[in-house]
Amino acid sequence: MKTDSSGNRYIEKDMKSGKVRVTFIEDGWSGVPSVRIQILDENGHLRQGPEIPVENIGEAVGAIVELLANKSP
């Protein structure tokens with residue numbers, strides 16, 4: 001596991017056109033532990049991504065599953 005310039009732990013996973021970086025933020029935007037999800041593109045630039053409070057990760061994943069389960073043909 002690596003740490004960013006602020007000392008936050010993160011991991012990167014390869015994707016088709018870049019990488020996904022998932023960072024644990026002890027004191028996220030809402031003042032609680034959060035996870036930030038960003039895209040690291042092929043040029044090495046990080047795109048802004050959401051910070052999801054850890055307590056809401058299940059809801060966020062559930063919303064993604066619901067969205068994909070109800071996609072149109």
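See the values below:
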item	result
Output for the range 46-60, where each listed residue is part of a helix (DSSP H, G or I) and open to solvent by less than 80 Å² (accessible area, probe 1.4 Å)	Val54, Asn56, Ile57, Gly58, Ala60
Residue list for the range 13-24, restricted to those being among the charged types (D, E, K, R), open to solvent by 50 Å² or more (accessible area, probe 1.4 Å) and assigned to a strand (DSSP E or B)	Lys13, Asp14, Lys19
Of all residues in the range 61-73 being among the β-branched types (Val, Ile, Thr) and loosely packed, with under 11 Cβ neighbours inside 10 Å, the one that is nearest to Asp27 (Cα to Cα)	Ile64
Output for the range 25-45, where each listed residue is touching a Pro at 6+ places or on another chain (Cβ under 7 Å) and open to solvent by 60 Å² or more (accessible area, probe 1.4 Å)	Glu26, Ile37
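The values are calculated or read from the model by the stated rules, or taken from the named source; none is laboratory data. Here the structure is a predicted model, which is why all the values come from computation and not from measurement. Cβ atoms come from the backbone with ideal geometry, glycine included; neighbour counts cover every protein chain shown. For the accessible areas, the whole protein counts, side chains as well, though only heavy atoms, and no ligand, DNA or RNA atoms are used. Shrake-Rupley method; radii C 1.70, N 1.55, O 1.52, S 1.80 Å.
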